[in-house]
Amino acid sequence: MSDISVSGAKILFELPFGLTISETQVNMWIVMAVIAAICIWLTHGMKVKPDSKRQIVAEFLVKTVTNFVESNMGKRFSGFTPYVAALFSLALCSSLLSLLGMYPPTSDLNTTLGWALVTFVLITYYKIRTSGIGKYLKGFTEPVFLMTPMNIIGEMATPVSMAFRMFGNVASGSIISTLVYAGLAWLNQAVFGWLPGVLGDMAAELPILQLGIPAILSIYFDVFSGVLQAFIFCMLTMLYIASAAEVET
């Protein structure tokens with residue numbers, strides 16, 4: 001079996017019955033462990049009246065996410081605060097792993113598709129809860145029965161578009177950074193390789209042209225784009241769920 005999975009992540013372990021453990025799974029567990037450890041550390045020994053910086057930071061984060069959810073979904077959806085906070089923190093930390101030279105789980109379509117499917121289940125639940133199963137199914141046949149296949153495709157397009165949006169941006173950023181770094185390595189060899197003797201060999205080996213530009217690209221693709229894509233994914237999640245229950249509002 002190849003050491004690269006279909007998703008592009010390396011296969012680290014092979015298990016019986018054809019099962020494998022990929023780099024995506026290991027790195028995602030690392031992200032979840034780090035987030036869990038931070039949450040435990042921030043909330044350890046909390047009191048009714050805050051008397052530590054940790055509790056103040058924890059309460060600030062909770063209030064910020066709660067206000068964010070309520071401002072976009074309404075106060076009756078404040079129960080989605082933990083879900084949105086988990087989505088954002090997982091998406092952001094997963095994308096930032098590339099800063100450490102690790103494979104970002106968000107570069108794996110399986111990861112983003114899994115999150116999108118959970119959101120899609122919630123969307124479907126609220127649509128059925130709002131209008132009933134009969135009216136929900138009847139909606140696929142409107143305005144005419146011949147539109148049923150197109151309506152079904154449109155419904156399934158929601159999780160697919162959400163998954164591919166984040167996956168495409170994160171994966172393309174990693175690919176572009178790798179190509180630019182490799183191109184600068186070749187250019188470095190071409191520019192300094194003409195120098196005579198040992199001087200030319202040393203100059204060609206030093207990554208002179210690879211300093212600066214890759215760092216700038218990393219700041220954009222890993223930090224700015226990572227934050228932006230996590231924010232967009234959470235915004236779409238909230239708006240789709242709130243829209244599915246709009247009849248009740």
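The simple spin-label model puts a point 7 Å past each Cα toward its Cβ; for F224 and F145 those points are separated by 5.4 nm. Carbon and sulfur: what percent of the stretch 1-132's accessible surface (1.4 Å probe)? Within the stretch 1-132, the accessible surface is 71 percent carbon and sulfur. In straight-distance terms, cross-link reach from K63 covers every one of the lysines whose alpha-carbon lies under 19 Å from its own, apart from those fewer than eight places away in the same chain; here that gives K47, K49, K53, K75.
F60 to I21: extension gain in nm, 0.36 nm per residue of separation minus the Cα-Cα distance?
On the way: separation 39, 0.36 × 39 = 14.04 nm, distance 3.71 nm.
Here the answer is 10.3 nm.
Cross-link partners for K127 among the lysines, with Cα-Cα distance under 18 Å and sequence neighbours closer than 8 places in the same chain left out: K135, K138.
The values are calculated or read from the model by the stated rules, or taken from the named source; none is laboratory data. Source: prediction; values computed, not measured. Cβ coordinates were reconstructed from backbone atoms using ideal geometry, including for glycine residues, and neighbour counts include every protein chain displayed. Heavy atoms of the whole protein, side chains included, go into the accessibility calculation; ligands, DNA and RNA do not. Shrake-Rupley method; radii C 1.70, N 1.55, O 1.52, S 1.80 Å.
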